[in-house]
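Following: one structure in structure tokens, then a few remarks.
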Amino acid sequence: MNVLNSIKLATVAVAIAVGASFPASADEQYFPLQSYRVGPYAAGGTGFFGGFIDYLNLINIRDGGVNGVKLTWSECETQYEVERGVECYERQKTGKNVAAFNPLSLGIQIALLERSRTDKIPIITIDHGQTATSDGRVFPYLFPLLMNPPSETSAIITYIGQREGGAEKLKGKKIVVLYHGSPYGKETIPIFELLSKKYGFELQQIEVPHPGNDQQAQWLTIRRAKPDYVVLRGWGVMNPVAIKSAQKVGFPVDHLIGNVWSNSEEDVIPAGEAAKGYISLITQPSGTEFPVVQQVVDKVYGAGKGNLEDKKRIGSVYHNLGIVNGILNVEAIRIAQDKFGHRALSSEEVQWGFEHLRLDEKRIAELGAVGLLQSINVTCADHEGEGSVKFQQWDGKKWSVISDWVKPDRVLLRPIIEAAAEKYAIENDIKPRVCTE
Amino acid sequence: MFDYQFFIEVLVGGLLSGVMYSLVAIGFVLIYKTSGVLNFAQGAMLLFAALTFVSLVERGVPFAAALLLTLVVMVLLGIAIERTVLRPLVNQPPITLFMATLGLSYVIEGAAQLLWGTQVHGLDLGINDTPFTVAGVFISQFDLFAAAIAGAMVALFALFFRYTRTGLAFRAVADDQFAALAVGLRLPRVWAAVWTASGIVALVAGLLWGARLGVQFSLSLVVLKALPVLVLGGFDSVAGAIVGGLLIGAIEKIAEVYVGPFFGGGIEAWAAYVVALGFLLVRPSGLFGQKLIERV
């Protein structure tokens with residue numbers, strides 16, 4: 001990075017630090033971004049928010065906004081810290097025509113749980129979020145779009161079953177789950193237990209204390225347990241260390257299956273040769289071959305407005321996740337505009353759009369996202385939207401998709417989500433909405 | 001029946017992990033020994049060194065030249081810290097100096113990200129990490145290499161302290177700052193030299209930890225592994241940092257494997273601190289630390 005770029009970055013950082021905002025005017029829709037571009041998780045933050053901003057820019061440059069309504073945004077740096085995230089929320093929520101918050105942090109989502117209800121502002125947590133928040137009856141403003149933790153867990157087990165030749169072959173197999181020692185990591189403990197009972201596989205769940213930069217003890221335990229598969233539910237530095245430690249104890253890395261937060265280039269590159277063959281789950285494949293990504297390259301980066309400083313990261317896992325997140329946010333606005341009028345909307349109106357976010361394969365083709373996203377069908381009761389996942393394998397240089405779309409077992413999982421939501425409703429004296437569809 | 005072979009494997013793995021902790025702890029000891037400051041910025045220096053090295057290599061600078069350039073950068077950083085932070089704070093209470101290093105760690109972390117970006121980098125030192133087996137026990141080649149480097153570094157420091165004029169000055173300052181000043185030693189120069197030495201330790205530790213974790217922001221968190229080592233071994237003893245590292249490494253792995261299951265696992269991080277706390281109660285200066293004797 002040259003000195004000029006450093007100065008530019010410093011200027012932006014200062015602007016972000018003081019919470020510079022660019023309030024929307026009457027015909028503009030405003031996205032308050034609680035981004036993280038410095039600190040331990042900056043690599044993920046810059047990729048995701050880079051992709052999100054690139055897509056918003058594409059809509060403005062290519063289409064002149066959504067039905068003529070320009071999209072605006074401002075960033076507030078959270079460093080992935082909850083208290084900073086809340087501070088950013090309080091500062092940014094006063095902006096005009098706020099569409100939705102997208103914090104990309106479970107901790108910040110938890111902190112905003114009740115604020116979103118009071119302020120009537122949608123909180124979007126693509127691919128994550130507390131299990132209970134999928135139940136829109138209790139959490140009308142929370143949207144863990146595409147995939148929540150139970151769906152993710154189910155999809156991984158389904159995939160392992162497919163590899164073994166069918167779900168019935170899981171009986172008698174041994175699966176170890178190596179999870180991050182945090183609320184995020186522990187969220188799926190009961191789900192794995194439920195699936196173990198259903199399919200008859202032996203289960204051992206092992207915690208790795210945060211941050212996970214030394215896993216000698218855990219992997220020696222795994223070596224002794226001799227599992228058929230290890231599921232990696234990691235975050236940050238825990239992931240490359242797990243992959244390297246697997247190599248250290250001679251565990252085959254193609255039997256190590258990473259979850260959605262263990263699936264990026266940032267997770268495998270530091271592990272070097274040890275990561276060759278590693279498999280992970282994904283809701284949106286990486287790559288630049290998708291028409292929408294091509295348009296981002298041509299129209300946004302071509303105009304010198306691209307958000308990623310390192311253009312080699314275009315089409316990376318986090319960048320494509322940001323683009324998909326952009327698609328879902330923009331389509332929710334478009335759907336809401338069809339009902340309320342082609343103008344800037346209130347947060348409540350945008351919430352209606354998210355609650356009716358239905359993208360079939362025809363619409364996804366129109367968006368240039370075939371293969372990047374399968375379909376989504378959000379309803380009043382289901383704020384996850386029946387997303388599907390794929391699995392990818394690292395060849396030492398790039399990810400290759402190795403499975404078709406895999407559907408989680410939502411019939412089995414829905415009662416768990418509803419039970420968690422109803423428990424929350426009772427504890428917090430909330431009357432669940434009645435959803436008719 | 002108790003599986004002795006597995007126990008030995010856990011023990012060996014723990015000892016080798018402990019060597020990695022010692023590498024970080026030595027950087028703390030060097031500064032504390034001569035200036036009485038617990039340098040909280042050691043982790044940030046480690047990050048800065050590794051990030052500088054890997055960024056130079058990625059820009060096409062040959063390995064040896066990148067190592068040399070990073071060494072120069074760390075020397076300059078050490079001198080700059082002495083000039084701009086420590087010298088103005090001479091004769092301030094230890095807590096003031098500690099807070100200064102705390103602030104310094106944030107400045108160095110921020111500067112590292114500003115200069116070199118926030119991307120995660122792989123670092124290949126060319127050391128194979130596939131294990132080999134000795135009597136059925138898996139041993140990591142990389143960890144053995146790290147242990148050899150740590151051993152060599154300690155030996156070099158021992159020779160340096162014993163046989164050079166600057167080393168003698170280090171020892172004099174460590175023994176009694178005021179007496180050292182009285183006989184004409186230049187304290188700022190000694191401090192600049194010791195911060196430089198600490199920067200070199202940070203470079204070595206940064207490269208080894210970076211090869212293990214990848215070069216990323218989390219490298220600065222490895223200081224958390226060094227703190228119980230320092231409590232156990234003593235803040236002012238290089239030998240203590242080595243022995244403390246080995247003990248902490250072994251104890252936390254054995255605790256995780258054999259005691260962890262009774263607590264739901266994930267105990268190694270705090271088990272090390274429990275041991276350190278217990279030790280603090282019975283031997284406040286650590287295993288090898290100098291006992292503080294004051295006239296009352």
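The values are calculated or read from the model by the stated rules, or taken from the named source; none is laboratory data. All of these numbers come straight from a predicted model, not from anything done at the bench. Counting neighbours? That spans all protein chains shown, and the Cβs are built from the backbone with ideal geometry, glycine included. Just so you know, the surface numbers come from the protein's heavy atoms only, side chains and all, with ligands and any DNA or RNA stripped out. Shrake-Rupley method; radii C 1.70, N 1.55, O 1.52, S 1.80 Å.
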Test: residue in the range A:274-291 that is β-branched (Val, Ile, Thr), in a helix (DSSP H, G or I), surrounded by fewer than 24 Cβ atoms within 10 Å (Cβ to Cβ) and at pLDDT 95 or above: no
Check on residue B:255, over 15 Å from residue B:38 (Cα atoms), in contact with a helix residue (DSSP H, G or I) (Cβ under 6 Å, 6 or more places away or on another chain) and buried (at least 23 other Cβ atoms within 10 Å of the Cβ): no
Test: residue in the range B:194-207 that is over 20 Å from residue B:30 (Cβ atoms), crowded, with 19+ Cβ neighbours inside 10 Å and within 14 Å of chain A (Cβ to nearest Cβ): no
Exclusive hit being within 14 Å of chain A (Cβ to nearest Cβ), over 13 Å from the mean Cα position of the chain (by Cα) and part of a helix (DSSP H, G or I), set B:76, B:51, B:23: B:51
Output for the range A:179-197, where each listed residue is under 30 Å from residue B:220 (Cα atoms) and either facing chain B (nearest Cβ under 7 Å) or in contact (Cβ under 8 Å) with a residue 24 or more places away in the chain (or both): A:179, A:180, A:181, A:182, A:183, A:184, A:185, A:187, A:188
Hey, residue A:192 over 24 Å from residue A:239 (Cα atoms) and among the aromatic types (Phe, Trp, Tyr) or not: no
Test: residue A:149 is more than 13 Å from chain B (Cβ to nearest Cβ) and either within 23 Å of the chain's Cα centre (by Cα) or at pLDDT below 95 (or both): yes
Counted residues, the range A:198-223 - those being touching a residue at least 40 places away in the same chain (Cβ under 8 Å), facing another protein chain (nearest Cβ under 9 Å) and closer than 16 Å to residue B:9 by Cβ: 1
Which listed residue is under 22 Å from residue B:226 (Cα atoms), under 21 Å from the mean Cα position of the chain (by Cα) and open to solvent by 10 Å² or more (accessible area, probe 1.4 Å), from B:16, B:46: B:16
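Within the range B:248-255, is there a residue that is of a type outside the set (Lys, Arg), away from chain A (no Cβ under 14 Å) and within 30 Å of residue B:77 (Cβ to Cβ)?
Scanning the range B:248-255 turns up no residue that is of a type outside the set (Lys, Arg), away from chain A (no Cβ under 14 Å) and within 30 Å of residue B:77 (Cβ to Cβ).
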Candidate set: the range B:105-158, residues that are touching a helix residue (DSSP H, G or I) at 6+ places or on another chain (Cβ under 8 Å), surrounded by fewer than 20 Cβ atoms within 10 Å (Cβ to Cβ) and more than 14 Å from every other protein chain (Cβ to nearest Cβ); chosen: the one farthest from residue A:275 (Cα to Cα): B:158
Candidates B:240, B:260, B:245, B:249 - the one that is in contact with a strand residue (DSSP E or B) (Cβ under 9 Å, 6 or more places away or on another chain), open to solvent by less than 20 Å² (accessible area, probe 1.4 Å) and of a type outside the set (S, T, N, Q): B:260
